Amino acid sequence: MGQLFDRIRNLVLQDRYLIGLHASERLDERGILEWQAVAGLGDGELLYERSDAKPNPSVEVLKQLPDGTEFKAVLVVSESK
């Protein structure tokens, strides 16, 4: 477990990611800035890795904001064709 999470972290480090509308709306509702959701991703705790999830593989990560607030981030790999 962790290979998909490693891949996602590397893509984020390379600024090769998008934040979807649904995620952006949920972040806004919770007062979390988009950069906070991806900053320090490597420090997040991997909760689940679903490499075989359809339609896209995903991971769930427990993260902590600088003020100590914890939140769960669901990150998905979507291959462009």
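Please give the length that would be gained between residue 79 and residue 48 if that part of the chain were fully extended, namely 0.36 nm times their separation in residues minus their C-alpha to C-alpha distance (nm, one decimal).
Result for the pair: 9.2 nm of gain on full extension.
Each label point is 7 Å from the Cα along the Cα-to-Cβ direction; what then is the distance between the points at residue 3 and residue 64, in nm?
3.1
Per residue, what volume in Å³ does the Cα convex hull of the chain take up?
96
Which one, 10, 27, 78, projects farthest toward the positive side of the charge dipole computed for the chain from Cβ point charges (K/R +1, D/E -1)?
Of the candidates, 78 comes out farthest on the positive side.
Using a 7 Å offset from Cα along Cα-Cβ at residue 34, what residues in the stretch 47-80 end up with backbone N under 18 Å from the label point?
Inside the label zone: 73-78.
Each reported figure results from applying straightforward, stated rules to the coordinates on display, with no laboratory input. From a predicted model like this one, the values you see are computed outputs, not experimental measurements. Here the Cβ is made from the backbone with ideal geometry for all residues, glycine too, and neighbour counts use every protein chain on show.
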